[in-house]
Amino acid sequence: MTERAGHIIVALTLALVAGAVTGCTKADGGAEAVRATPTARATPSPRAIPFELYTHCGIDEARIGSTYFEAETPLSDGSGNPPDGWGNPTQRGTMTLKSATEAVFTDDAGHEVKFRARPGARAFKHICA
């Protein structure tokens with residue numbers, strides 16, 4: 001093999017490898033190149049969902065999906081009921097998932113309660129009737 005033919009083979013091999021590494025491929029024997037692009041976002045954005053918070057025995061816990069959360073600062077009237085201004089047995093509002101471990105409940109009355117996930121929890125801490 002001549003030296004020139006060897007250079008051509010090396011150049012073609014490098015071009016093929018470069019195309020594979022950058023995610024480019026050709027379809028249908030020479031159709032336009034397609035570049036693979038990631039579809040997932042690096043950090044999830046907060047997600048707000050309508051939420052009916054159980055308040056009958058005070059504001060202490062919430063279950064979002066299969067995750068149990070507890071209020072950073074539980075709220076009560078001191079007798080195991082929700083404080084004045086809260087609905088009983090529930091308060092409608094919005095739960096905003098800030099991350100997999102943080103959530104914030106807000107409502108039209110101006111209430112805001114921050115919740116943290118309880119790792120490994122499979123049930124509520126307290127059962128309220």
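Throughout, read-outs are computed from the coordinates displayed, never taken from laboratory work. Please read all numbers here as calculations on a predicted model, not as lab measurements. Here the Cβ positions follow ideal geometry from the backbone for every residue, glycine too, while neighbour counts run over all protein chains shown.
Within a Cβ distance under 15 Å of Asn88, other residues only, what is the Lys/Arg minus Asp/Glu net charge? List each step's numbers first, then the result.
Numbers: positive: Arg92; negative: Glu52, Asp60, Asp77, Asp84, Asp107.
That works out to -4.
Using only the Cα atoms of segment 58-129, build the gyration tensor, take square roots of its eigenvalues as a ≥ b ≥ c, and label the shape rounded, prolate or oblate: rounded if a/c is under 1.5, else prolate if a/b is larger than b/c, else oblate.
oblate
Name the long-range amide H neighbours of Thr90: under 5 Å, sequence gap of 5 or more, or other chain; modelled H, no Pro or chain starts.
For Thr90, the qualifying residues are Thr55.
If we sort 121-128, 86-93 on the protection proxy, mean other Cβ atoms within 10 Å, highest first, what's the order?
The densest-packed peptide leads the list: 86-93, 121-128.
Would you kindly derive the ³J(HN,Hα) couplings of segment 63-70 from the backbone phi angles with the Karplus curve 6.51 cos²θ - 1.76 cosθ + 1.60 (θ = phi - 60°), listing them in order in whole Hz, with x for Gly and Pro?
My calculation for segment 63-70 gives 10, 10, x, 9, 9, 9, 10, 10 Hz in order.
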